[in-house]
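Would you mind keeping the following structure in view while I ask a few things?
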Amino acid sequence: MSNTQAVRIRKGRSTLTLRRVIAYTVLILLTLLSLFSFYVLFINATRGHYDIQKGFSFLPGRALMANLNNVMSSSEMPVLRGMLNSFIVATGSAALSVYFSTLTAYGIHAYQFKGNNAAFKFILLIMMVPTQVSALGFISLMNNWGLRNSFIPLIVPTIAAPMTFFFMKQYMESNLPLEIIEAARIDGSGEFATFNRIVLPMTKPAIAVQAIFTFVANWNNYFIPSLLIDNKNMKTLPILMAQLRSADWLKFDLGQVYMLIALAILPVVIVYLCLSRFIVGGVALGGVKG
Amino acid sequence: MQATTAPAEKTVEPRLKRNRKSISYAKWGYYFIAPFFVVYAVFSLYPLLSTFYYSFFEYYRSGLKFIGPNFVGFENFKTLFANGDLVMYAKNTLIMWILGFIPQIVFSLLLAAWFTDVRLHIRGSGFFKTVIYMPNIIMASAFAMLFFTLFSDKGPINDIFISLGWMDAARPYQWLATTAGNRGLVAFMNFLMWYGNTTIMLMAAIMGVDPGLYEAAEIDGASSTKQFFSITLPLIRPILLYVVVTSMIGGIQMFDVPQILTNGKGLPDRTSMSLVMYLNNHLFSKNYGMAGAVSVVLFIIAAVLSFLVFRFNTRKEER
């Protein structure tokens, strides 16, 4: 080994170490930045009102159960009811949206029919239309149908989910060979039964990813629900958050305010932490081909 | 796509296959896609068209009475552009989007390059990815409410700044009373919520680059900075453009965060009011004509941006 080569390698090693130090420093700082607000949230949810007003502390307080009890018994902010409502809307949307969008993807993927390609192009075209743009027509239609304060307008429209359709279509192209469907036909399986008994199980990984994303999106959805729901017992969590913000919050018990926010985000955080690898992998899958 | 597999099958057993497909099975395709299209037509397409229709009418609530609908042509659009509000809110939206997007794309590129760098070999990248993606799944309205409490005058952030000696206890910084404070917080929240997502997308793009190129560059003695700018950046350009445009489409829909943070008022003095907040105000006050006009403008912006995405995608396929 010549002398200059050795120098170059040594120099390379020291710059590598330097780059590592920089990379880890930035990563740790970003981690702190991302987690800090949630840390404060969960600390303050365990502290009493006066304790919080005295100033910030990095250690949890002793008012966790008191805050929880106060929040649960408050009639102004029916948070348990809100969680239940959000859960119904999110679960209903996830189930319908994933089932029917997969069915649509399969219909276009597996069958040659007139207008097949046009249908596919049409869904691609509408994929980017923001929901807010048709909100006016949607709200007035729902009002005309007497569907104010109902979950139907929040759940049923998710059957047409272009993003889910696109993801499932992509997945089927690389993971669902048409030969399998042919084989099922030869075995005498009906078309609809083939979809339910063979296609759904085969696309399970993609379905699970899409179900999670749809659940989260609808759990967090604020715009349309806030325009359609004003009955106290039908309010979803994001509407309660808006109500919390517009209330004369200085009169509020701060411990309760933090507890309410914590309860709104905790379920999704728990699901996320359990399935994070899976979810993060799903983002990458959807991204490259998009 | 199946368009490529179907003709291949046809050449194997021409008559038999074609008959089977076109006669007995094609109708199932229609049955399977029907629910999607029916629901779309009823709950999205019809509302979209009726929104456009409303935009040409004078139709609003005044007190308890509704005025209209009276056909007024382009009058709503004229009002919209004449009073300057729309332009102002478009500007606000753009500023808040850019303030958030610049750090988002810079950090995402940096992190994506680090995570995919074989020599650098970041340990615990699974942990870091989990953490930086997390804000994306948090309820935006709860996140905004949280920031509202954290950055209130006597909130924890000012407490910490005061105890660190960065701020005078007698004159705490009023984040939520200043334009810079509100816009900055909205941008910061958008950054936190989206940089993890972008990082993961860009990582997938970088991992698609032929590793041989990096090996060759390594042998030629190119530094990793040089490799990033000469190999990575040019090769992931299509996905980078895709990320920029989809983020812009997300940007024009900005609503939950500024709405909750400023209680729907775009404080101070409407300087953090976004376009969709404006639409929302018209929807709440039941001024359907104006709400329709704002929707049409939003639709046109989104359509132009989507057209760009569509162009990128089709170009990608052609290659």
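The values are calculated or read from the model by the stated rules, or taken from the named source; none is laboratory data. Source: prediction; values computed, not measured. Cβ atoms come from the backbone with ideal geometry, glycine included; neighbour counts cover every protein chain shown.
Could you run through region B:128-187 and say how many residues are charged (D, E, K, R) and surrounded by fewer than 18 Cβ atoms within 10 Å (Cβ to Cβ)? Don't jump to the end; show me each part of the working.
Initially, region B:128-187 is screened for residues charged (D, E, K, R), giving B:129, B:153-154, B:159, B:168, B:171, B:183.
With surrounded by fewer than 18 Cβ atoms within 10 Å (Cβ to Cβ) added as a condition, the list becomes B:153-154, B:168, B:171.
Residues meeting the conditions: 4.
OK, next. I need a count of the residues in region A:157-194 that are aliphatic (A, V, I, L, M) and crowded, with 19+ Cβ neighbours inside 10 Å.
If we filter region A:157-194 for residues that are aliphatic (A, V, I, L, M), which is where we start, we get A:159-161, A:163, A:168, A:172, A:176, A:178, A:180-181, A:183-184, A:186, A:193.
If we keep only those that are crowded, with 19+ Cβ neighbours inside 10 Å as well, we get A:159-161, A:168, A:172, A:176, A:181.
So the answer is 7.
Restricting to region B:112-142, count the residues that are of a type in the set (Ser, Thr, Tyr) and in a loop (DSSP other than H, G, I, E, B).
Going residue by residue through region B:112-142, those that are of a type in the set (Ser, Thr, Tyr) are B:116, B:125, B:130, B:133, B:141.
Narrowing further to those that are in a loop (DSSP other than H, G, I, E, B): none.
Selection size over region B:112-142: 0.
For A:Gly137, all conditions in the list (1) in a loop (DSSP other than H, G, I, E, B); (2) facing chain B (nearest Cβ under 8 Å) hold save one; what is the number of the exception?
Every condition holds for A:Gly137 apart from (1).
If I go through region A:32-84 residue by residue, how many of them are over 20 Å from A:Ile270 (Cα atoms) and not in a helix (DSSP H, G or I)?
Residues that pass the stated criteria total 15.
Looking at this structure, is A:Ala119 in contact (Cβ under 8 Å) with a residue 24 or more places away in the chain, surrounded by fewer than 24 Cβ atoms within 10 Å (Cβ to Cβ) and facing chain B (nearest Cβ under 9 Å)? First the steps, then the outcome.
Numbers: in contact (Cβ under 8 Å) with a residue 24 or more places away in the chain: no; surrounded by fewer than 24 Cβ atoms within 10 Å (Cβ to Cβ): yes; facing chain B (nearest Cβ under 9 Å): yes.
Spelling it out, it is not the case that A:Ala119 is in contact (Cβ under 8 Å) with a residue 24 or more places away in the chain, surrounded by fewer than 24 Cβ atoms within 10 Å (Cβ to Cβ) and facing chain B (nearest Cβ under 9 Å).
List every residue pair whose Cβ atoms lie under 9 Å apart, where the two residues are 6 or more positions apart in sequence or sit on different chains, the first residue falls within region A:207-222 and is more than 9 Å from every other protein chain (Cβ to nearest Cβ) and basic (Lys, Arg), and the second residue, located anywhere, is assigned to a helix (DSSP H, G or I) and surrounded by 23 or more Cβ atoms within 10 Å (Cβ to Cβ).
none
If you don't mind, another one. Being within 7 Å of chain A (Cβ to nearest Cβ) and polar (S, T, N, Q) is the filter here; which residues of region B:138-159 pass it?
B:Ser141, B:Thr149
Somewhere in region A:108-129, is a residue among the small types (Gly, Ala, Ser), part of a helix (DSSP H, G or I) and closer than 19 Å to B:Val38 by Cα?
Step one: list which residues in region A:108-129 are among the small types (Gly, Ala, Ser), which gives A:110, A:115, A:118-119.
From what is left, the residues that are part of a helix (DSSP H, G or I) are A:110, A:118-119.
Okay, now just the ones that are also closer than 19 Å to B:Val38 by Cα, so A:118-119.
Checked region A:108-129: at least one residue is among the small types (Gly, Ala, Ser), part of a helix (DSSP H, G or I) and closer than 19 Å to B:Val38 by Cα.
State whether one or more residues within region A:205-217 are more than 30 Å from B:Tyr30 (Cα to Cα) and either part of a helix (DSSP H, G or I) or of a type in the set (A, V, I, L, M) (or both). Full working, then the answer.
Filtering region A:205-217 down to residues more than 30 Å from B:Tyr30 (Cα to Cα) leaves A:216.
Filter once more, keeping what is either part of a helix (DSSP H, G or I) or of a type in the set (A, V, I, L, M) (or both): A:216.
Taking every residue of region A:205-217 in turn, at least one turns out to be more than 30 Å from B:Tyr30 (Cα to Cα) and either part of a helix (DSSP H, G or I) or of a type in the set (A, V, I, L, M) (or both).
Quick check on B:Phe127: is it outside the structural domain of B:Tyr278 (by TED's automatic domain parsing) and over 21 Å from the mean Cα position of the chain (by Cα)?
Details: outside the structural domain of B:Tyr278 (by TED's automatic domain parsing): no; over 21 Å from the mean Cα position of the chain (by Cα): yes.
It is false that B:Phe127 is outside the structural domain of B:Tyr278 (by TED's automatic domain parsing) and over 21 Å from the mean Cα position of the chain (by Cα).
Do we find that A:Ala284 is facing chain B (nearest Cβ under 7 Å) and either farther than 23 Å from A:Ile43 by Cα or within 12 Å of the chain's Cα centre (by Cα) (or both) in this structure? Even if it seems obvious, please write down each step before you answer.
Numbers: facing chain B (nearest Cβ under 7 Å): yes; either farther than 23 Å from A:Ile43 by Cα or within 12 Å of the chain's Cα centre (by Cα) (or both): yes.
Criteria met by A:Ala284.
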